[in-house]
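Working notes, beginning with the structure itself.
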Amino acid sequence: QVHLAESGGGLVQAGGSLRLSCTASERSFGNCAVAWFRQAPGKKRVYVGGVTWNGGVKDYADSVTGRFTISRDNAKNTVYLQMNSLKPEDTALYYCAAVEGALVPRESEYSYWGQGTQVTVSS
């Protein structure tokens, strides 16, 4: 079992930046691929991007490529989502998820989820 907690959300103006963190207390987190998903009001939850267990491979959805960067520090049991050039359409509840397996863009593959952190981008 891996318990995840997101932090770093908030209200920011368009063009601004935020950094989200996803932290786990279990050392096994270091063996997990970790992905970020987001869910806007009235819409389905969608994949934002992810990172393999060792940080060697990172993947991004087309909508955030070039603006968002994922990194991880396994010594701190933390994965980060750096979000730059934010747009109003980035407004959503952001979740991190982990799986002791491959990095895939399908939420059904992820065993562990955080509660989410709200990101609101004003125009």
*Output the residues belonging to region 75-115 that are assigned to a loop (DSSP other than H, G, I, E, B) and either open to solvent by less than 50 Å² (accessible area, probe 1.4 Å) or within 16 Å of E6 (Cβ to Cβ) (or both).*
K76, N77, L86, T91, G101, L103, V104, Y110, G114, Q115
*asked:* Going by what's in this entry, would V2 be described as among the aliphatic types (A, V, I, L, M), on the phi < 0 side of the Ramachandran plot, over 15 Å from the mean Cα position of the chain (by Cα) and at pLDDT below 95?
replied: yes
*Which condition does G55 not pass, out of (1) under 18 Å from A24 (Cα atoms); (2) within 12 Å of the chain's Cα centre (by Cα), if it passes all the others?*
(2)
*In region 6-17, residue surrounded by the fewest Cβ atoms within 10 Å (Cβ to Cβ) [restricted to those that are within 16 Å of T117 (Cα to Cα) and of a type in the set (A, V, I, L, M, F, W, C)]*: L11
*Specify the residue that is surrounded by the fewest Cβ atoms within 10 Å (Cβ to Cβ); the eligible residues are those in region 64-74 that are under 19 Å from V46 (Cβ atoms) and in contact with a Gly (Cβ under 9 Å, 6 or more places away or on another chain).*
T65
*asked:* Looking at region 18-43 only, could you name the residues that are more than 24 Å from G101 (Cα to Cα) and open to solvent by 60 Å² or more (accessible area, probe 1.4 Å)?
replied: R19, P41, G42, K43
*For residues in region 38-90 being in contact (Cβ under 8 Å) with a residue 40 or more places away in the chain and of a type in the set (G, A, S), which is farthest from T23 (Cα to Cα)?*
S85
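The values are calculated or read from the model by the stated rules, or taken from the named source; none is laboratory data. Computed from a predicted structure; not experimentally measured. All Cβ positions, glycine included, derive from the backbone under ideal geometry; neighbour counts span all protein chains shown. Heads up: the accessible areas ignore ligands, DNA and RNA and are worked out on the full protein's heavy atoms, side chains in. Shrake-Rupley method; radii C 1.70, N 1.55, O 1.52, S 1.80 Å.
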